[in-house]
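Any read-out appearing in this document is the output of simple, stated calculations on the displayed coordinates, not a laboratory observation. The model shown is predicted, which means the values in this text are computed figures rather than measured ones. For neighbour counting, all protein chains shown are included, and Cβ atoms are generated from backbone atoms with ideal geometry for every residue, glycine included.
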Amino acid sequence: MTSYIDASSPTGNGRRIKVLSTDLIFSGVDNIFVYPSLNVDRLRDALSRTLSFWPILTGRISVESDDQYFIEFSDNSIPFTYNENDELERWPDLPVIVDDVKLIQPFIDSTKYKPEIEPLLRFKVTRLLRSDEYILGTSFCHMVGDANSIVHFHNDLSQIYQNLEPIFPRPVFERHLLNKEDSDFSSLPVLKLYRNTDKKETILARLAKECIETDPINMSFSSEQLAKLHMLADDSNEITTHDALCAYIVFLMNTHLFINEDEYIRRAYIYVNYRGVTDLLTPKGYVANAIMQPLSSDFPNPCSLSSIAKTIRQLIKTTRQEDFLQKWVTSANILMKQFKKEGNVNFVWDKDEIVFNSNFKYDWSNLVNFGMKNQCRFHTMGIFKYYFRIFHLNPVKVGDREWIKDNGGAEVSFRIPKGEMKEKFLAAWKKDIQENFLNVK
């Protein structure tokens, strides 16, 4: 059964914003949250109140003839579907990122890219009658914003559901202005992902082929294991736990997967949230796709945990420099506008490169817990070859009632070639775990 939720106090007022080229991601972000209980009427009311602070989500996308994209704040309703399921005994024990979309797609009402008519947010709640669990599926138009924006909205909803004050600042939707392009900067290797593009059809064909030739892997690391890796990588007090984890993945690949040095992973693209550097670009509460995907320099020693981690940290430090960031944002928007106009997509990287797209900054399950701390489980989709996605671990149930969560642990998900490469990688990782990373240097 589908109903429609309006903002309790409509605040769109006919406004509209012009989105940036870096917002032109024509897909929805589909997520699943699993709860031991939920008051659906209270959720509907909380959503209505939350939408009053988020008029962008009650709007629609509009496109003008010169390829200018806007979001109209048109105060439309949000579709809210409620179902009951008597087939599942209980929600299954799944990793954070689920490779088999058939397992979770039925619990999501996905948004589509349809300017003028398609809602930018959809909700679906399914009650599992046998276990009395509640599955909340949300679909959020990616053109509105990135992971930070989506977490921001969901956390506001969770807080309002509990009659608590918001944790995040009030959302700000107006996009920043761009400076004049520095053409020399636009040609730097750090922006390679915006120049290495291909036709959408070609990339989809490649991904389909890779899906057949590879298997998904979900690696779990406890907080103690991450602390050990951090200690091994950090001799300068600058390296973060996340740097060390990314470096370990590269180290593991280079020391166990490849026979020849010319096969080594030499560089990494790192997805970086550029909020917090300057309020001129990203004021507090900024809702947009404020992400960048810079390419690191070559790892001086691609088989050294510390060397790889330091290279990653240096890249991130560079992105936090205001002058660099101002030039980056301008160049990225110009380059993205150009390849989008040509019908291309920037999902291409070389054989000696990998990608880290991490959500480790956000503990999704606890930020959207509706008062059920360490009891919400979070799931999403999208696993690709040598494209590493990192999330916090989900809680696990001990016995019939108690839930426990390792709040400092992480799950790493990606695809790897089937057969020998996969087996070598898993064997090396399991050996390191058993030996407490004795031979990781």
Exercise. Among [x] 121, 72, 34; [y] 104, 54, 54; [z] 60, 60, 42, which is the computed Cα extents along the principal axes in Å?
Worked result: [z]
Exercise. Relative to the Cα centre, what is the charge dipole magnitude of the range 190-434, using +1 at the beta carbon of each Lys and Arg, -1 at the beta carbon of each Asp and Glu, and rounding to the nearest 20 debye?
Worked result: 760 debye
Exercise. Kirkwood-based Rg over Rh for the range 2-161 (C-alpha set), two decimals?
Worked result: 0.98
Exercise. Expressed as a rounded percentage, what relative contact order does the chain have, with Cα pairs under 8 Å and six or more residues apart?
Worked result: 21 percent
Exercise. How much length is gained on full extension from residue 26 to residue 208, taking 0.36 nm per residue of separation minus their Cα-Cα distance?
Worked result: 63.6 nm
Problem set entry | Value at 222 nm in deg cm²/dmol, rounded to 500, when DSSP H runs of n ≥ 4 in the chain each add -39,500 (n - 2.57) | -9000 deg cm²/dmol
Problem set entry | Förster radius 60 Å - calculated FRET efficiency between residue 1 and residue 187 (Cβ-Cβ, nearest 0.05) | 0.65
Seminar exercise, completed: By the C-alpha gyration tensor axes a ≥ b ≥ c (rounded if a/c is under 1.5, else prolate when a/b exceeds b/c, else oblate), the shape of the range 190-434 is rounded
Exercise. Using a ≥ b ≥ c from the Cα gyration tensor of the range 95-170 (square roots of the eigenvalues), is it rounded, prolate or oblate, where a/c under 1.5 gives rounded and otherwise the larger of a/b and b/c decides, a/b for prolate?
Worked result: oblate
Seminar exercise, completed: Pairs over 24 Å Cα to Cα, from 284/405; 102/418; 192/310; 228/310, come to 284/405
Problem set entry | Links that overshoot a 26 Å alpha carbon limit, given the list 180/317; 199/361; 373/422; 112/200; 114/340 | 199/361; 373/422
